[in-house]
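Below: one structure, written as structure tokens.
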Amino acid sequence: MQIYDFDACETVPTLGYGGRAGRKIAIMHEGAPWLLKFPESTRLFPGRDKTGHHLPSYTTSPLSEYVGSHVYEALGIPVHRTRLGRREGKTVVACKDFATEDRLVDFAALKNTVSEGILESGNSSSGDGELLADALRVIEDAEALAPVREEARERFWDMFVVDALILNNDRNNGNWGLLVKRFSVELAPVFDNGNAFFNKRNPSLTRQRLESDDLVSQDIRASRSFFKSDADHHIHPLSFIAKGQHPECNAAVLRIAERLSAGAADAVFAMIDELPEEAFGLPVAPPEYRELYRRTLDLTIRDHLLPAAEKAGQ
Ligand SMILES: Nc1ncnc2c1ncn2[C@@H]1O[C@H](COP(=O)(O)OP(=O)(O)O)[C@@H](O)[C@H]1O
Ligand SMILES: [Mg+2]
């Protein structure tokens with residue numbers, strides 16, 4: 001795989017991007033604007049000043065974004081295009097801007113359009129989580145989703161399952177939405193997978209947790225969703241999936257499991273094997289991170305997704 005040198009690319013200063021996880025700029029690359037995401041410094045993160053903390057100096061979010069997005073791609077789910085590269089002495093991820101001609105209306109904005117009375121927690125969105133029941137309610141009620149409602153329902157559950165697979169705990173209300181075109185609307189491709197695979201763990205803790213499958217399994221099971229079952233509890237997506245109580249979740253589990261067996265899993269492991277350890281003298285994908293991706297994906301598929309698919313298919 002190619003690691004790109006983005007240092008010479010012109011910036012597009014008027015294209016700004018929100019989000020809360022670090023510096024972002026727009027650059028011109030191969031004739032089109034791409035969003036460059038830099039790794040976020042953990043300098044001001046809570047706990048960083050304590051001895052024995054497990055934070056790296058920078059999050060591994062560009063690598064998480066690349067690997068997570070390529071898992072979506074291998075599964076045939078529309079996702080933004082991503083490339084790894086260097087800019088200003090950092091390993092960054094470039095995400096092709098999918099909204100240059102269109103307007104991205106995120107789920108938080110869609111949520112604001114439905115009447116407050118039908119939502120248990122009202123309209124306001126927070127970074128702390130979203131009630132699953134409210135999210136499902138917005139999908140059924142938001143007028144803007146009318147032309148793509150069926151697809152939005154499927155996308156929601158596909159993301160729920162794939163995020164569980166890549167351990168992405170941040171599908172917050174700013175991290176998915178609708179693309180409003182001049183005469184039509186469609187779902188935006190999946191974007192922001194920067195929180196996949198424990199992106200705030202340093203290499204030494206990563207190595208320690210890889211010492212046995214039990215430890216990896218424990219970490220996988222502990223993974224939480226952005227979505228909540230009630231005000232105080234985040235959902236553990238893998239136990240939610242295992243219960244098999246939600247028909248649309250079951251359908252997504254079957255869809256994803258089928259694609260994994262039909263070649264997507266092989267494509268994902270091949271993509272991980274291709275990640276270079278370093279490029280331009282900078283670390284890109286240190287071996288412990290590659291091993292973490294392989295082991296977590298392997299165990300999540302084998303111990304959680306395939307058994308859930310078997311149960312759902314009965
Ligand atoms: N590929 C893309 N094309 C266009 N806009 C994007 C793309 N990826 C992200 N964005 C926009 O930029 C914002 C910030 O990006 P995001 O990846 O969510 O960053 P963060 O990790 O800081 O939340 C998103 O909320 C979205 O509005
Ligand atoms: Mg975001």
| Normalised per residue, the volume of the convex hull around the Cα set of the chain (Å³) | 145 Å³
| message | For Tyr58, what residues show an amide H to amide H distance below 5 Å, using hydrogens built from the backbone and excluding near sequence neighbours? | response | Thr42
| field | Spherically averaged projected area of the stretch 22-117 from its Cα convex hull (nm²) | value | 10.0 nm²
| note | Projecting the Cα atoms of Pro189, Val138, Gln208 onto the charge dipole of the stretch 95-224, where Lys and Arg contribute +1 and Asp and Glu -1 at Cβ, the residue farthest towards the positive end is Gln208
| note | Expressed as a whole-number percentage, the relative contact order of the stretch 218-280 with C-alpha contacts under 8 angstrom and at least six residues apart is 16 percent
| field | Label-to-label distance, nm, for residues given as Asp303 and Ala267 (7 Å Cα→Cβ offset) | value | 2.7 nm
| field | Built amide H within the under 5 Å cut-off of Val190, gap 5+ | value | Val79, His80
| the chain, helix-only ellipticity at 222 nm - DSSP H runs n ≥ 4, -39,500 (n - 2.57), divided by all residues, nearest 500 | -11000 deg cm²/dmol
| remark: Per GNM of the chain with C-alpha springs under 10 angstrom, the most fluctuating residue out of Arg221, Arg182, Arg81 is Arg182
| With r defined as the distance between the Cβ atoms of Glu101 and Glu30 and R0 fixed at 25 Å, what FRET efficiency is calculated, to the nearest 0.05? | 0.90
| task | Calculate one ³J(HN,Hα) per residue across the stretch 140-151 by plugging θ = phi - 60° into the Karplus curve 6.51 cos²θ - 1.76 cosθ + 1.60, and present them in order as whole Hz with x for glycine and proline. | result | 6, 10, 5, 4, 4, 7, 3, x, 10, 4, 4, 5
| Tally Lys and Arg at +1 and Asp and Glu at -1 over the other residues with C-beta under 13 Å from the C-beta of Ala270: what net charge comes out? | -2
| remark: Toy charge model, Lys and Arg Cβ at +1, Asp and Glu Cβ at -1: the stretch 1-130 dipole around Cα centroid in debye, rounded to 20, equals 480 debye
| query | Using alpha-carbon pairs under 8 Å, 6+ residues apart, how would you state the relative contact order of the stretch 164-314 in percent? | reply | 26 percent
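For the stretch 96-168, calculate the relative contact order in percent as a whole number, restricting contacts to Cα pairs under 8 Å that are 6 or more residues apart.
24 percent
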| For the stretch 1-63 and the stretch 219-250, what is the separation of their C-alpha centers, rounded to whole Å? | 29 Å
| query | Which is farthest toward the positive dipole end of the chain among Pro237, Ile220, Leu306, measuring Cα position about the Cα centre, with Cβ charges +1 (Lys, Arg) and -1 (Asp, Glu)? | reply | Ile220
| In what sequence, highest mean first, do 145-155, 159-169, 273-283 appear when ranked by Cβ atoms within 10 angstrom? | 159-169, 145-155, 273-283
| request: Grab every C-alpha pair in the stretch 177-314, bin the distances at 5 angstrom width from 0 up to the longest one, and report whole percents. | output: 2, 8, 14, 17, 19, 17, 12, 7, 3, 1, 0
| task | Could you calculate the FRET efficiency of Arg137 with Phe183 from 1/(1 + (r/R0)^6), where r is the beta carbon distance between them and R0 is 41 Å, rounded to 0.05? | result | 0.90
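No value in this document is a laboratory result; all are computed from the given coordinates. What you see is a predicted model; the values in this text were computed from it and never measured. Every residue, glycine among them, receives a Cβ derived from its backbone with ideal geometry; neighbour counts consider all protein chains shown.
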